[in-house]
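Below is one structure, written out as structure tokens, with a few remarks after it.
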Amino acid sequence: MRAALSDQFPSSAIGASATAATTAVADQALLGGVRVVELATIVMAPSASAILSDFGAEVIKIEAPGRGDLYRYFQDLPGMPDSEIPYCFLLDGRNKKSVVIDLKRESGQKVAHRLIETADVFLTNCHNSVLEALDMTWDRLREINPRLIFAHGTGYGHTGPEAEKPGYDQVCYWTRSGLVATFTPVDGHLGPLGCGTGDHPTGVTLFSAVLAGLLKRERTGAGSYVTTSLLAAGAWANACAIQAKLVGAEFHAKRPRERTMNFGQLYYRTRDDRLIKLSIVEQDREWERFCRALDRTDLIGDERFCTTAERIENMPEFVALLDAEFAQRDFAEWSERFTHCEIAYSLVSNLDDIVADEQLEAIGMFRDLDHPEYGRLRTVDSPVFIQGEDKAEPQPAPGLGEHTGDLLRELGLDAREIASLAERGVVSGRL
């Protein structure tokens with residue numbers, strides 16, 4: 001699926017740095033032979049190309065001279081978990097190649113254009129004004145490569161009055177979409193939302209858009225512009241509430257915990273000081289099973305609580321009763337009881353619980369990665385699985401400019417040209 005080069009860049013140069021065996025294995029993968037050029041920073045767009053790499057795509061990351069992508073150093077930001085291992089970049093930089101090109105220079109732009117001519121996908125999260133300044137707009141790149149899929153991930157969207165605003169998932173995905181307002185308790189503030197917790201879901205959306213673009217190209221032969229934004233993905237995550245508002249639904253005021261309208265959506269603390277979350281949707285239908293799980297069959301016909309209307313009327317008393325019941329048993333016993341009675345529940349898992357979670361292990365969400373500096377590590381897999389398609393073994397994220405020389409030679413540049421570019425600071429890295 002790789003786009004053809006012009007006559008001045010012979011096809012024999014493509015892939016020259018890879019061994020025949022490596023190429024054969026890659027081409028057997030679902031996205032084998034697909035080349036992605038990534039011009040992106042931090043989380044959302046790089047996470048999309050990481051998923052593409054999981055299914056065999058070759059991802060080439062263009063980075064600026066100096067420090068490269070800020071994401072390489074995210075673990076050093078105040079408040080992030082302390083580690084000498086660059087765990088953020090390890091996650092979303094896996095399987096990629098890094099080339100350092102100064103795109104602020106015309107000569108660097110020409111090198112990047114030569115690379116993009118060989119690509120199937122150009123994936124970026126730069127603002128339109130930045131792309132214009134770097135000569136990397138969709139209109140420009142489709143002149144160079146008419147079969148190119150131009151995948152654009154943004155904060156607030158690719159058009160409109162706020163397209164150029166800086167935006168991260170904390171403000172676009174979570175806050176502007178209304179999700180934070182939904183989650184904020186009536187009597188307090190919502191705490192930090194965690195690094196990448198909106199970026200990664202949006203990255204899956206961008207990954208899907210790329211696949212749709214590739215499918216369209218298979219049918220039409222032409223490239224296309226595909227896009228999503230943190231704001232759009234956040235609005236989609238909050239779509240049920242937004243749809244209710246759009247049809248004029250009447251919303252209820254937020255209530256304190258003891259005045260909830262559904263006891264089966266609360267959190268309860270167990271005897272061993274763990275929090276358990278219930279998810280009971282049809283209260284009356286599941287009422288008898290819930291009482292049996294509590295070992296309180298006397299409540300089944302209790303006139304104070306036996307119907308939804310009665311429970312709402314007497315909710316403070318009922319919540320107090322449930323708090324006392326949950327405090328009498330450890331989480332493990334509640335887990336057995338709710339599983340047996342088919343009541344949806346979950347432990348409020350902390351990170352110690354998550355990395356030891358047998359179910360996450362069973363569905364393949366953790367994979368081993370051998371790192372030349374840090375040894376055997378575990379990493380989080382992407383959430384897309386396709387029957388009959390093996391994902392690529394996770395490879396370490398590249399060093400800054402690790403593949404610059406190999407890729408320039410692949411494009412047909414000789415040693416003299418590469419040396420000249422390096423002397424002028426247009427390219428850097430391993431040459």
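Observations on the structure shown:
- Residue match in the stretch 188-205 (condition: modelled with pLDDT under 95 and among the acidic types (Asp, Glu)): no
- Subset of the stretch 296-316 that is assigned to a loop (DSSP other than H, G, I, E, B) and among the hydrophobic types (A, V, I, L, M, F, W, C) - its residue that is surrounded by the most Cβ atoms within 10 Å (Cβ to Cβ): PHE305
- Taking the criterion of being small (Gly, Ala, Ser), in contact with a strand residue (DSSP E or B) (Cβ under 7 Å, 6 or more places away or on another chain) and farther than 16 Å from ALA209 by Cβ, the only residue of the stretch 30-63 that qualifies is SER53.
- LYS216 satisfies every condition listed in (1) in a helix (DSSP H, G or I); (2) within 22 Å of TYR173 (Cβ to Cβ); (3) assigned by TED's automatic domain parsing to the domain that holds ASP199 except (2).
- Apart from one condition, PHE207 fits all of (1) out of contact with any Ser or Thr (no Cβ under 9 Å at 6 or more places or on another chain); (2) not in a strand (DSSP E or B); the exception is (1).
- Contact map, the stretch 219-233: first residue farther than 9 Å from THR202 by Cα, second residue assigned to a strand (DSSP E or B) and among the aliphatic types (A, V, I, L, M), Cβ cut-off under 6 Å, separation 6 or more or different chains; pairs are GLY223/ILE149; VAL226/ALA151.
- The residues of the stretch 178-204 that are among the β-branched types (Val, Ile, Thr) and assigned to a helix (DSSP H, G or I), listed by number, are VAL180, THR182, THR202, VAL204.
- From the list ALA362, ALA332, ALA324, the lone residue that is within 30 Å of GLN387 (Cα to Cα) and surrounded by fewer than 14 Cβ atoms within 10 Å (Cβ to Cβ) is ALA362.
- Options LEU123, LEU141, LEU148, LEU131: the member that is free of Cβ contacts under 8 Å to residues at least 60 places away in the same chain, touching a strand residue (DSSP E or B) at 6+ places or on another chain (Cβ under 8 Å), buried (at least 23 other Cβ atoms within 10 Å of the Cβ) and not charged (D, E, K, R): LEU141
- Residues that are out of contact with any Pro (no Cβ under 9 Å at 6 or more places or on another chain), farther than 21 Å from PRO166 by Cβ and not small (Gly, Ala, Ser) within the stretch 29-58 comprise LEU30, LEU31, VAL34, ARG35, VAL36, VAL37, LEU52, PHE55, GLU58, listed in sequence order.
- Entry remark, the stretch 65-83: residues being more than 15 Å from PRO398 (Cβ to Cβ), touching a residue at least 24 places away in the same chain (Cβ under 8 Å) and part of a loop (DSSP other than H, G, I, E, B) number 3 in total.
- Every residue from the stretch 172-203 that is buried (at least 18 other Cβ atoms within 10 Å of the Cβ) and either in contact (Cβ under 8 Å) with a residue 60 or more places away in the chain or within 16 Å of the chain's Cα centre (by Cα) (or both): CYS172, TYR173, TRP174, SER177, CYS195, GLY196, GLY198, ASP199, HIS200, PRO201, THR202, GLY203
- Applying the criterion of being without any contact (Cβ under 8 Å) to a residue 12 or more places away in the chain and either assigned to a helix (DSSP H, G or I) or among the hydroxyl-bearing types (Ser, Thr, Tyr) (or both) to the residues of the stretch 262-291, the residue that is surrounded by the most Cβ atoms within 10 Å (Cβ to Cβ) is CYS291.
- Test: residue in the stretch 241-254 that is within 34 Å of the chain's Cα centre (by Cα), part of a loop (DSSP other than H, G, I, E, B) and of a type in the set (D, E, K, R): yes
- Just so you know, in the stretch 387-431 the residues that are among the basic types (Lys, Arg) and closer than 18 Å to ASP102 by Cα include one that is surrounded by the fewest Cβ atoms within 10 Å (Cβ to Cβ), and it is ARG424.
- Only one of the numbered conditions (1) in contact with a helix residue (DSSP H, G or I) (Cβ under 8 Å, 6 or more places away or on another chain); (2) over 29 Å from CYS172 (Cα atoms); (3) hydrophobic (A, V, I, L, M, F, W, C) is not met by ALA233, and that is (2).
- When the residues of the stretch 73-101 are filtered to those that are crowded, with 22+ Cβ neighbours inside 10 Å and touching a Phe, Trp or Tyr at 6+ places or on another chain (Cβ under 8 Å), the one that is nearest to ASP406 (Cα to Cα) is GLY93.
- Considered as a group, the residues in the stretch 110-151 that are in a strand (DSSP E or B) and in contact with a Lys or Arg (Cβ under 8 Å, 6 or more places away or on another chain) include one that is nearest to LEU215 (Cα to Cα), and that residue is ILE149.
- Selection of the stretch 37-46 for residues being in contact with a Leu (Cβ under 8 Å, 6 or more places away or on another chain), outside any loop (DSSP other than H, G, I, E, B) and buried (at least 24 other Cβ atoms within 10 Å of the Cβ) yields VAL37, GLU38, MET44, ALA45.
- Odd one out for LEU39 among (1) at pLDDT below 95; (2) under 25 Å from GLY405 (Cα atoms): (1)
The values are calculated or read from the model by the stated rules, or taken from the named source; none is laboratory data. Note that the coordinates shown come from a computational prediction; the quantities given were computed from them, not determined experimentally. Cβ coordinates were reconstructed from backbone atoms using ideal geometry, including for glycine residues, and neighbour counts include every protein chain displayed.
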